[in-house]
1. For the range 96-184, list log₁₀ I(q)/I(0) at each q in 0.16, 0.20, 0.22 Å⁻¹, using the Debye formula over Cα point scatterers of equal strength and ignoring solvent, two decimals each.
2. Given an 8 Å cut-off on Cα distances and at least 6 residues of separation, report the relative contact order of the chain as a percent.
3. Using square roots of five times the C-alpha gyration tensor eigenvalues, list the equivalent-ellipsoid semi-axes of the range 253-339 in whole Å, biggest first.
4. Cα axis of helix 217-229 to longest principal axis of the chain: angle in degrees, 0 to 90, nearest 10?
5. Looking at the P(r) of the chain, how many percent of alpha-carbon pairs lie beyond 37 Å?
6. What is the sum of charges around residue 70, taking Lys and Arg as +1, Asp and Glu as -1, for the other residues whose C-beta is under 12 Å from the C-beta of residue 70?
7. Expressed in nm², what is the orientationally averaged projection area of the convex hull enclosing the Cα positions of the range 202-321?
8. Do any cysteines of the chain lack a neighbour Cys whose Cβ is under 4.7 Å away, and which are they?
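Just so it is clear, none of the values below were taken in a lab; they were calculated from the coordinates. Everything quoted here is computed from the prediction, not taken from an experiment. Note: ideal-geometry Cβ built from the backbone for every residue, glycine included; neighbour counts use all protein chains shown.
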Amino acid sequence: MTSPTPISAPTPEAGAEAGAEAGASSPVSPVLAEVVRSGFVEGRHRGSLVVLAADGSVEWSLGEVTTPVFPRSTNKPMQAAAVLRAGLELSGERLALAAASHSGEPFHLDLVRSMLAEHGLTAEQLQTPADLPLDPEEAEAYLAAGRVRDRLTMNCSGKHTAMLAACARNGWPLDSYLDQAHPLQQLVAEGVRGASGEDVAHIGTDGCGAPLLSLSLTGLARAFRYFVLAEPGSPERRVADAMRAHPEYVAGTRRPDTWLMQALPGTLAKMGAEAVQALALPDGRALAFKVDDGAGRALGPVLGRTLRLMGVDAAVLSRLEDAPLFGGGVRVGEIRAAF
């Protein structure tokens, strides 16, 4: 592990100690975040993290960053690029929504409905599982209005709509658009390999039902770097530009990815389920990490600390890092980065 500029790189001492306790028969991930309640560390979140320099080399890392993980929704930019390669014409908010894990706010759902209608599709053709809005406040309002779980409300409905539209354009089967052997999914796999520079070691099924292609954290960071540095007009650059221009459609008004892309112009950021995060800065520096236990509450503190170590100085980082713990309705602690 080498040192980033301008701050010295952290050392995974906690992970090394845990490995010794376990007999060092298998590596134990370093602690990325601590749960501190009333001044007492009551829990720890372990994981792995990689930071790339502007030239794409590994600047520094913590934990194991070369073995496959499931990137979950951080693969969505690559899936969105595939629908463009299939000839689907999307731009602006529509293209951002195709790469989204949207919050289920009214403007998200309205645009999904519009996209379905524009391409002669219906919500019944979506193969997303019925779900509530991803944002807790939106879910409460949705239920209070007497609504029930719906395929369209699921956070991946924009991506699935774009996939169906690409299939309709090409005369490809609509009922099997999620099959690994489907022409569209083959385009996705080709794009993942090209952007990451890695072969796909494992294929699973994501929460939305789409094929889930594994990457190492290093490969994931390189893919995000590839998107921000791609040639203008290329599918990858078009996706990156749409996401950065319309970040509220990528996530939502109360989501960290949106805050980051609004506050740091040119930055591409996307989170995934099970506490995965990838990000690329406009100069080609990039990062990716995964919290082993899938605790999303650790994402903000770990991401904020990593960006500070990379030399980023912006007010939005304090907003990201603020992860309070409450007792009796009063703030009594926090989740904080541990490196």
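1. The Cα Debye sum returns log10 ratios of -0.60, -0.88, -1.02.
2. On the way: 718 pairs, mean separation 80.6, N = 339.
Contact order relative to length: 24 percent.
3. Values: eigenvalues 100, 41, 29 Å².
For the range 253-339, the semi-axes come out at 22, 14, 12 Å.
4. On a 0 to 90 degree scale, this one is about 60.
5. On the way: 9371 of 57291 pairs.
That fraction is 16 percent.
6. Numbers: positive: 72, 290; negative: 206, 274.
In short, 0.
7. Numbers: hull surface 30.2 nm².
Across all orientations, the range 202-321 yields a mean hull projection of 7.5 nm².
8. 167
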